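The values are calculated or read from the model by the stated rules, or taken from the named source; none is laboratory data. The structure displayed is predicted, hence computed values, not measured ones. Cβ: placed from backbone, ideal geometry, glycine included. Neighbour counts: every protein chain shown. Surface accessibility is based on the protein's heavy atoms, side chains included, excluding ligands, DNA and RNA. Shrake-Rupley method; radii C 1.70, N 1.55, O 1.52, S 1.80 Å.
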Amino acid sequence: MSSTSTSGPATLKKGDQLVFGDVVIQGGDPKPERRIVESFISAVLQSEHLNLLVGSGLTTALGSAARATSSADMTASLLTSDPALDSSIEKAASDTSKASMRGETPNIEDRLRVALAAEGGLKIVNDPRADLLEAATEEALTTLRDSVATIESAIGSAPAQHSDDGSPGPVPLLTSFLGSFAGRVPTRDRLHAFTTNYDRVLEWGAEQAGLRIVDRFVGALEPVFRSSRLEIDYHYTPPGSPKEPRHLDGVVRLTKLHGSLDWRWRGQSRQVVRQPVPFGAIQTGGVSDLLIYPNAAKDFETTLYPYADLFRDFSAAVCRPNATLVTYGYSFGDDHINRIIRDMLTIPSTHLLIISYGDDGNRVTKLVEEYRRTGQVSLMLGPTFADLNSLTQDWLPKPATATLARLQAGILTSTTPPSSTPPASSGGAHV
């Protein structure tokens, strides 16, 4: 998508909406200039504490760029041989979905949460229906795991550019997206990326972009989840300055709030480990120790660990002065996350930027309207702004070119005679 048009002023499509402070632009209004949107986002990205929350929308966008024919199956049913039990599970899952304002149709996470809670209760009273639920939850988790791995495989095997129409594949889109957020001045607080996804798209994208990830896992062969290693960072020593180490560029902190396809609960040592699994590989083992939320591991400790530590990281990162949270592809359908975001917004110096392709259930627009008068919430809604190709090409700043543009502007200012007018720069400097 081009930011200019030869056939007249471009207008926003139905469903598009931009809210930046007092600026509100909607479908039918003229499309805003790139420099206005880009400069605002640049200011947001230079906040003292920058956080990025990625939902399933990113994987969906990359799957579309890869022209994948399937997606992660989040609507699968959970069935046993007892119709009455199935009906009770479905009703409770539907109530959970309605309470989260996601409609009456539950997703697989709703069904699994209810089924796992019911299974635990039935086991306490030695009810044989617990075995039916255990078999059904393992089957549902296996289906979910395999469908997520399938979309990983489609993304990983897609070309960088499609030969028929020249459209970009997942790699340039993802690396550009991550680069815009990760390309902060190294002296600032590191970007902290959070995701509710089970897939390894962010890890794969970081490898493609040459970024280094810092998370809670320590080790090489079978990294172990640690609660005490979060503040580790990457530094280097410039030549001639042996006593002045500097922060290395391209370092990102990563927290996966709902677990990951390669996380396992190791019962003997009572540890969470990350097992090496190739990107997109279909696993053949069981799912009883798979750590995705809601997890299948039948152990009370895993209900609290590691998820308690992960959500503590999220609240500590966003609920502090001068913190900014940018969400992409997150539908605001998780109450446990929304509660922390609302707590963040009680701090006047915090800011929330929502980038969303759509708004199922009007959850996004309701939140924006609720905080409209505080000026703490900004919105980029609709395909014109949130389509991944449009977002990376038309709106997100490029940190590397921004630095060069500022240097160019400074050189021109210092070398141009007072009577002359400096030529206009081809790339606008970012704030």
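Based on DSSP H runs of at least 4 residues, each adding -39500 (n - 2.57), what is the mean residue ellipticity at 222 nm of the chain after dividing by all its residues, to the nearest 500 deg cm²/dmol?
The helix-only estimate for the chain comes to -12000 deg cm²/dmol at 222 nm.
Most mobile of SER153, SER269, SER56 per a Gaussian network model of the chain (Cα springs, under 10 Å)?
SER269
Mind ranking ILE411, ILE213 by accessible surface for me, highest first, 1.4 Å probe?
ILE411, ILE213
Helix 170-182 versus the longest principal axis of the chain: what is the Cα-based angle in degrees, 0 to 90, to the nearest 10?
Approximately 70 degrees, to the nearest 10.
On the full set of protein chains, 1.4 Å probe, figure out the accessible area of TRP265 and give it in Å² to the nearest 10.
In the full protein context, TRP265 sits at about 20 Å².
Which residue, GLY219, GLY21, GLY333, has the most motion in a Gaussian network model of the chain that connects Cα atoms within less than 10 Å?
Looking only at GLY219, GLY21, GLY333, the biggest GNM fluctuation is shown by GLY219.
Find the relative contact order for the chain and round it to a whole percent, using C-alpha pairs within less than 8 Å whose residues are 6+ positions apart.
Here the relative contact order equals 22 percent.
So with the 1.4 Å probe, I'd like the accessible area per residue for the chain, rounded to whole Å².
Heavy-atom accessible area per residue stands at 47 Å².
Have a look at LEU85, LEU381, LEU221 and tell me which one the Gaussian network model of the chain (Cα, springs below 10 Å) gives the largest fluctuation.
Sorting by GNM fluctuation, first place goes to LEU221.
Keeping all protein chains in place and using 1.4 angstrom, which order do THR374, THR365 fall into by accessible surface area, from largest down?
Descending order: THR374, THR365.
How many percent of the alpha carbon pairs in the stretch 337-377 exceed a separation of 14 Å?
Tail of P(r) above 14 Å: 47 percent of Cα pairs.
Please report, to two decimal places, log10 I(q)/I(0) for the stretch 326-401 at q = 0.15 Å⁻¹ as given by the Debye formula with identical point scatterers on the Cα atoms and no solvent.
Each listed q corresponds, in turn, to -0.55.
Rounded to the nearest 10 Å², what accessible area does LYS256 show when all protein chains are kept and the probe is 1.4 Å?
Accessible area of LYS256: about 10 Å².
Can you tell me the length gained on complete extension of the stretch LYS91 to THR69, counting 0.36 nm per residue apart and subtracting the Cα distance?
The LYS91-THR69 span can extend by a further 4.8 nm.
How much length, in nm to one decimal, is gained on full extension between SER227 and ILE213, taken as 0.36 nm per residue of separation minus their Cα-Cα distance?
3.4 nm
Where both residues lie in the chain, what percent of DSSP beta bridges are antiparallel, nearest 5?
Antiparallel bridges make up about 40 percent of those DSSP assigns within the chain.
Within the chain, how many Lys pairs that are eight or more residues apart, or on different chains, come under 20 Å at the alpha-carbon?
Close lysine pairs found across the chain: 5.
Determine the equivalent ellipsoid of the stretch 72-139 by diagonalising the alpha-carbon gyration tensor, then write out the semi-axes as square roots of 5 times the eigenvalues, largest first, rounded to whole Å.
Square roots of five times the eigenvalues give 21, 12, 10 Å.
Can you pull the accessible area of TYR198 for me, 1.4 Å probe, Å² to the nearest 10?
10 Å²
Tally Lys/Arg at +1 and Asp/Glu at -1 over every other residue whose Cβ is under 14 Å from the Cβ of PHE385; what's the total?
Taking every other residue near PHE385 into account, the sum is -3.
Once all Cα-Cα distances of the stretch 109-210 are split into 10 Å bins that start at 0, what whole-number percent is in each one?
Bins of 10 Å from zero give 12, 28, 22, 19, 13, 5, 0 percent of pairs.
Can you give me the distance in nm between label points at ILE347 and MET101, each placed 7 Å from the Cα along the Cα-to-Cβ direction?
2.3 nm
Share of antiparallel DSSP beta bridges in the stretch 157-305, in percent to the nearest 5?
Close to 60 percent.
Can you list the equivalent-ellipsoid semi-axes of the chain, largest first and in whole Å, using the square root of 5 times each Cα gyration tensor eigenvalue?
40, 26, 21
By accessible area of protein heavy atoms, probe 1.4 Å, what ranking do VAL125, VAL326 get, highest first?
So, going from the largest accessible area down, we get VAL125, VAL326.
Pull out the extension gain between LYS366 and VAL23, defined as 0.36 nm times the separation in residues minus the alpha carbon to alpha carbon distance; nm, one decimal.
Going from the current span to full extension adds 121.7 nm.
Near LEU221, within a Cβ-to-Cβ distance under 14 Å, what is the net charge of the other residues, with Lys and Arg +1 and Asp and Glu -1?
Taking every Cβ under 14 Å from that of LEU221, the sum is +1.
Can you give me the % of accessible surface on the chain that is carbon or sulfur? Probe 1.4 Å, all protein chains present, nothing else counted.
Roughly 54 percent, rounded to a whole number.
In nm, to one decimal, how far is the ASP309 label point from the GLN271 one, both placed 7 Å along Cα→Cβ?
Placing both labels 7 Å beyond Cα along the Cβ direction yields 1.1 nm.
Rank by packing, highest mean first: peptides 136-144, 181-189, with packing defined as the count of other Cβ atoms within 10 Å averaged across residues.
Result, highest mean Cβ count within 10 Å first: 136-144, 181-189.
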